[in-house]
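One structure is given here, and the rest of the page talks about it.
The values are calculated or read from the model by the stated rules, or taken from the named source; none is laboratory data. As the structure is a computational prediction, the values presented were derived from the model and not from experiment. Every residue, glycine among them, receives a Cβ derived from its backbone with ideal geometry; neighbour counts consider all protein chains shown.
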């Protein structure tokens, strides 16, 4: 999709801080994180709504999310010892999962988003890469 910002990231038309990539999925740091390490996981195939994914892709994306969550947990040591997962789907019409290191149960709200500088994103990516990704 020409107008989809996530498709542009997949096609390297827009730079991103890639956390994980394979032939079917891409995970990258969001530029509007709730907490450091807030990562978006997307299928490379453009599907606007998560419940329009085929069963195979839906199950695979959750398995990928689990692997990425383990790394984020090791990299950021959230106080709750958990990585939250959110699926909103309204802001960008390309299926995506939010994986968020949680310091508090109340962290999972988009009202906590704030802009991250390139330096903050680079530091977060380094923490992730240093933890086996």
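At-a-glance table
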| quantity | calculated |
| --- | --- |
| Tally, over region 6-23, of residues that are assigned to a loop (DSSP other than H, G, I, E, B) and surrounded by fewer than 17 Cβ atoms within 10 Å (Cβ to Cβ) | 7 |
| Criterion violated by residue 22 - all others in (1) out of contact with any strand residue (DSSP E or B) (no Cβ under 9 Å at 6 or more places or on another chain); (2) more than 21 Å from residue 131 (Cβ to Cβ); (3) at pLDDT 95 or above satisfied | (2) |
| Pair list, Cβ < 7 Å and 6+ apart or interchain, from region 33-47 residues that are without any contact (Cβ under 8 Å) to a residue 40 or more places away in the chain to residues that are part of a strand (DSSP E or B) | 44/25; 44/26 |
| Only listed residue being free of Cβ contacts under 8 Å to residues at least 24 places away in the same chain and part of a helix (DSSP H, G or I), chosen from 59, 122 | 59 |
| Residues of region 33-44 classified as farther than 17 Å from residue 72 by Cβ and either more than 12 Å from the chain's Cα centre (by Cα) or assigned to a loop (DSSP other than H, G, I, E, B) (or both), total | 1 |
| Qualifying residue in region 63-71 (condition: touching a strand residue (DSSP E or B) at 6+ places or on another chain (Cβ under 9 Å), surrounded by fewer than 18 Cβ atoms within 10 Å (Cβ to Cβ) and within 24 Å of residue 15 (Cα to Cα)) | yes |
| Residue count, region 78-114 (criterion: touching a residue at least 12 places away in the same chain (Cβ under 8 Å), over 18 Å from residue 6 (Cα atoms) and not in a helix (DSSP H, G or I)) | 16 |
| Qualifying position, being closer than 20 Å to residue 9 by Cα, surrounded by fewer than 19 Cβ atoms within 10 Å (Cβ to Cβ) and within 14 Å of the chain's Cα centre (by Cα), among 47, 87 | 87 |
